[in-house]
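Structure, as structure tokens:
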Amino acid sequence: EWVTWLMSYQGLCYALYDQPDLVDALFRRVGELHARAAETLLQFNCVKILFGGDDMGFKTSTMVPARVLIEKSLPWHKRMATMAHERGRLYLLHSCGKLDEILPYLIDEAQIDGRHSFEDAIEPITVAKRRWGGRLSLIGGIDMDLLCRSTEADVRRRVRETLDICLPGGGYCLGTGNTVANYVPLDNYLAMLDEGRRYAG
């Protein structure tokens, strides 16, 4: 994601073929900056979790070929996860999109502890729990479209259904499927939180 902010998505796609050295240099520079920021944060005892952010996919696939991400981006997440683990901390990752091709690497090689950002149109959190729940903690999953366009009763029902499936065995944290936008009805957002508290008893 960060490289596309620097050179645009279209620019990145062209440069992967026309200027691969430039792409390598940008991924390296961005990775170094993130690693330095992580190192600084980990000096503070109050920081218990590093939460990386790197949107790498969209509804049907990764934004660029999976091999590009595995070669150029994911090693930096592995490095930051290692830094966190060496200090007894967790490394979580927010990444939007369909990441099936790179999730095994993120879990087995990078050893991230959890992932945030689940969208019903890609993979509902309940399906993700069945597929990945034994290997990865899952965060969020109450779909943004549901929060925006459904009734409060629908939101409460979805929260209960999600917790029924995702809570057993641990490794799940209730939350929204993505960042809460300012157009999300406040009553629906508060209903999600309230229903989660009621469920917990």
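The values are calculated or read from the model by the stated rules, or taken from the named source; none is laboratory data. Note that the coordinates shown come from a computational prediction; the quantities given were computed from them, not determined experimentally. When we count neighbours, we look across all protein chains shown, and the Cβ atoms used for this are built from the backbone with ideal geometry, even at glycine.
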Scope the range 166-182; condition surrounded by 20 or more Cβ atoms within 10 Å (Cβ to Cβ), without any contact (Cβ under 8 Å) to a residue 60 or more places away in the chain and under 22 Å from Asp54 (Cβ atoms); matching residues:
Tyr172, Thr176
If a residue must be within 23 Å of Ala181 (Cβ to Cβ) and free of Cβ contacts under 8 Å to residues at least 40 places away in the same chain, how many such residues does the range 90-134 contain?
4
Options Gly114, Gly134; residue that is modelled with pLDDT under 95, at negative phi and not charged (D, E, K, R):
Gly134
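Considering only the range 150-164, state which residues are of a type in the set (Val, Ile, Thr) and either surrounded by fewer than 17 Cβ atoms within 10 Å (Cβ to Cβ) or modelled with pLDDT under 95 (or both).
Thr151
Results for (1) loosely packed, with under 15 Cβ neighbours inside 10 Å; (2) farther than 27 Å from Ser117 by Cα, shown as yes or no for each residue.
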position: Trp2; (1), (2): no, no
position: Tyr14; (1), (2): yes, yes
position: Asp18; (1), (2): yes, yes
position: Phe27; (1), (2): no, no
position: Leu33; (1), (2): yes, no
position: Gln43; (1), (2): yes, yes
position: Gly53; (1), (2): no, no
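Looking at the range 103-115, can you tell me whether even one residue there is within 22 Å of Asp187 (Cβ to Cβ) and either in contact with a strand residue (DSSP E or B) (Cβ under 6 Å, 6 or more places away or on another chain) or assigned to a helix (DSSP H, G or I) (or both)?
Looking through the range 103-115, none of the residues is within 22 Å of Asp187 (Cβ to Cβ) and either in contact with a strand residue (DSSP E or B) (Cβ under 6 Å, 6 or more places away or on another chain) or assigned to a helix (DSSP H, G or I) (or both).
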How many residues are within 21 Å of Glu1 (Cα to Cα) and surrounded by 19 or more Cβ atoms within 10 Å (Cβ to Cβ) if we restrict to the range 80-96?
7
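Which of the residues belonging to the range 71-97 are assigned to a loop (DSSP other than H, G, I, E, B) and over 17 Å from Gly53 (Cβ atoms)? Don't jump to the end; show me each part of the working.
As a first pass, look at the range 71-97 and keep what is assigned to a loop (DSSP other than H, G, I, E, B): 73, 87-89, 95-97.
Passing the criteria: Arg87, Gly88.
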Inspect the range 70-79 for any residue being within 18 Å of Leu138 (Cα to Cα), surrounded by 14 or more Cβ atoms within 10 Å (Cβ to Cβ), touching a strand residue (DSSP E or B) at 6+ places or on another chain (Cβ under 8 Å) and not basic (Lys, Arg) and give the result as yes or no.
yes
Taking the residues in the range 163-196 that are among the hydroxyl-bearing types (Ser, Thr, Tyr) and touching a Leu at 6+ places or on another chain (Cβ under 7 Å) as candidates, determine which candidate is farthest from Ser95 (Cα to Cα).
Tyr189
Being part of a helix (DSSP H, G or I) and among the hydrophobic types (A, V, I, L, M, F, W, C) is the filter here; which residues of the range 32-62 pass it?
Leu33, Ala35, Ala37, Ala38, Leu41
Those residues of the range 129-162 which are in a loop (DSSP other than H, G, I, E, B) and more than 21 Å from the chain's Cα centre (by Cα) amount to Ser150, Thr151
